[in-house]
Amino acid sequence: MNLKTTFSWLLPSFPKRKPVRLQYLPLLCALEVCLSSAFAATLPSDLIGATEHFLEQSVTEYLQRSEIHGRHEIQVNSLDPRLRLAGCDTPLNVSLESPAQPVGRVTCRVRCEGSSPWTVFVPAQVRLYRQVLVATRPLSRNAPIQPGDVILAERDVGQLTQGYMTNLSQVAGKKLTRSVQTDQVLATTHMVMAEVIRKGDQVVISARSGGISVKMPGEALSDGGAGEQIRVRNTRSQRIVRGRVIGPGAVEVQM
């Protein structure tokens, strides 16, 4: 009797894979975007945007705090497009590295304080335009400044390293210590008080105490501009005193 052995293999049965329902596709796509952004590099455009936002806030606060009236422009320098930094899982921290105030050429420190920390320095230019005094014509050294010699004009004060003035009253009664050209910005270092009294001039010395006022003739022993202290001699008593110039030929002393 021939025995015929029959072997059979039972293949494991796998459950059929259910197709992904269409309503889940948006969730899967959103998850993919989140994962990719979490590991994305920080690009130069991210650094520039963060720096611009920080400087805009800093300049606005500085102008309000200092009560400065003017307009400003911010330009962040271009960065190397090949720059690649690790993606930051915390908001970028931006601070002003130099100078002390956000005007002129500035440098900002941009930091990532997340799981992959890094620091980058980003240069920028902040232009602050204000109305400042400029010469209307060429003016010579020692020339007293007249009302028509200066006007207010808009300039970028971040470029005015020697200083500037913003009010016409700042040049009243003053003279130039150097020659200036048309449209040149005037600075306080360019001028001193103009002498309204010169040494040897005959002056009137006035002294006040309460409601009492006394006047006497005198002689100026030094030059002086309005508001300055000079030495004068009382020509009656020959006494020498110090007084404040209050105008042409007039000196006031304390009693």
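A short reminder: the numbers here are calculations on the coordinates, not readings from a lab. This one's a predicted model, so the numbers in the text were calculated from it and none came from an experiment. FYI the Cβ positions are ideal-geometry reconstructions off the backbone, even for glycines, and counts take in every protein chain you see.
Would you please give the residues with an amide H less than 5 Å from that of Val76, counting only those at least 5 places away or on a separate chain, with H modeled from the backbone geometry?
Gln125
About the Cα centre, and with charges only on the beta carbon of Lys, Arg (+1) and Asp, Glu (-1), how big is the dipole of segment 195-254? Nearest 20 debye, please.
Using Cβ point charges on Lys, Arg, Asp and Glu, segment 195-254 gives about 260 debye.
To the nearest 0.05, how large is the calculated FRET efficiency for Ser78 and Ala40 if R₀ is 25 Å and r is the Cβ-Cβ distance?
Working from the Cβ atoms, E equals 0.75.
Going by Cα centres, segment 42-63 and segment 201-255 are how many Å apart?
58
Sort segment 78-127 into rounded, prolate or oblate with this rule: let a ≥ b ≥ c be the square roots of the eigenvalues of the Cα gyration tensor; rounded if a/c is under 1.5, and if a/c is not under 1.5, prolate when a/b is larger than b/c, oblate otherwise.
Numbers: a/c = 3.33, a/b = 1.67, b/c = 1.99.
Verdict is oblate for segment 78-127.
What shape does segment 97-255 take by its C-alpha gyration tensor, where a ≥ b ≥ c are the square roots of the eigenvalues and a/c under 1.5 counts as rounded, a/b above b/c as prolate, and the rest as oblate?
prolate
Which whole-number percent gives the relative contact order of segment 54-207, counting Cα pairs below 8 Å spaced six or more residues apart?
18
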